[in-house]
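Below is one structure, written out as structure tokens, with a few remarks after it.
Quick note: the coordinates plus some simple rules give every number you see, no bench work behind them. Just so it is clear, the structure is predicted and the values come from calculations on it, not from any experiment. Neighbour counts are summed over all protein chains in view; Cβ atoms, including those assigned to glycine, are modelled from backbone coordinates with ideal geometry.
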Amino acid sequence: MRVLLVEDDALLGEGVYTGLKQDGYAVDWVQDGQMAEIALNVEHFDILILDLGLPKQDGLQLLQKLRAKGNPIPVLILTARDSLDDRIKGLDVGADDYMVKPFDLEELNARMRALLRRSAGRAAPKLVHGKLVLDPAAHEVRCNGAVVDLSPKEFALLQTLLENVGRVISKTKLQEALYSWEHDLASNALEVHVHYLRKKLGSGFIRTIRGVGYIIEPDNVIHT
Ligand code: CA
């Protein structure tokens, strides 16, 4: 899952950035409203974590522009404790949720999962495909009840494919979802992760559509 974090407070930004990366998100962090707008124009992000008080362009302005353009990205705003007014304005111009500073990283994580789930059109917290169950909260995959040991990237890749069962996901889209800018992306990195996932889940589970991308088909469940 690709996250854009917009926060000008260096200490708070660093804490959230590091924490989310450890949780397996591909995070990009910018510190002003202008950079955030540029980033959102050139890349696809799955979720935006937006501070409201920002240099160059404040968060509310940015959010207004985004929604005016019809950008549906889930947005969680970060506000100060005494700013009830900002929270209400934020929600009214299109934020989906908010956190009051200082906040707990665990709670931020849980709220992000809820927003990502809703934006994927899903009410149930777990992704179930035949005997395979992926639990984003526990960061765990089970097949037939047994835990499957996956790296963070393999987990993110599987989650993206399971959220799009029946749809071919292009390599570009998968790379965008898995890697932030700073990541030194080897051209075959994605193929390597797919290779290991197949080793762990069965070779026929993820199908390659040559020249296009990858798909998990609705009727293709793991038989063991
Ligand atoms: Ca700020």
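In order along region 50-57, the Karplus-derived 3J(HN,Hα) couplings, from 6.51 cos²θ - 1.76 cosθ + 1.60 at θ = phi - 60°, round to 10, 6, 8, x, 9, x, 6, 7 Hz, and Gly and Pro are given as x. When only alpha carbons are used to place a centre, region 82-146 and region 185-217 end up 26 Å from one another.
Along region 103-115 the Karplus relation, 6.51 cos²θ - 1.76 cosθ + 1.60 evaluated at θ = phi - 60°, assigns HN-Hα couplings of 10, 8, 4, 4, 5, 4, 4, 5, 5, 5, 4, 4, 5 Hz to successive residues, with x for each Gly and Pro. If the segment from GLN34 to ALA146 were pulled out straight at 0.36 nm per residue, it would be longer than the present Cα-Cα gap by 35.6 nm. If you bin every alpha carbon distance in region 1-95 into 10 Å steps from zero, what whole percent lands in each bin? For region 1-95, the pair-distance distribution reads 17, 53, 28, 2. Site pair ARG113 and ASN164 shows an inter-label distance of 2.3 nm when each label is modelled 7 Å from Cα along Cα→Cβ. Secondary structure note: in the chain, about 45% of the DSSP beta bridges are antiparallel.
Summarising the label geometry, the points placed 7 Å from Cα in the beta-carbon direction at ARG210 and GLU43 lie 3.3 nm from one another. Computed from point charges on the beta carbon alone (+1 for Lys and Arg, -1 for Asp and Glu), the dipole magnitude for the chain about its Cα centre is near 1200 Debye. Computed over region 78-224, the convex hull of the alpha-carbon atoms projects to a mean area of 10.7 nm². Normalised by the number of residues in region 115-224, the average gap of Cα pairs under 8 Å and 6 or more apart makes the relative contact order 27 percent. Checking the cross-link pairs LYS21/LYS126; LYS89/LYS171; LYS101/LYS171; LYS65/LYS173; LYS171/LYS199; LYS21/LYS101 against a 29 Å limit on the alpha carbon distance flags LYS89/LYS171; LYS101/LYS171 as lying beyond it. Rounded to the nearest 500, the helix-only mean residue ellipticity at 222 nm of the chain stands at -12000 deg cm²/dmol, with each DSSP H run of n ≥ 4 adding -39,500 (n - 2.57). Once the Cα-Cα distance is subtracted from the 0.36 nm per residue extended length, the ASP82 to SER203 segment shows a gain of 38.1 nm. Length available on full extension from ASP104 to ALA123: 0.36 nm per residue minus the Cα-Cα distance, which gives 4.5 nm.
Rounded to the nearest whole Hz, the Karplus-based 3J(HN,Hα) values (6.51 cos²θ - 1.76 cosθ + 1.60, θ = phi - 60°) of region 168-174 follow the sequence 7, 9, 5, 4, 4, 5, 5, with x at glycine and proline.
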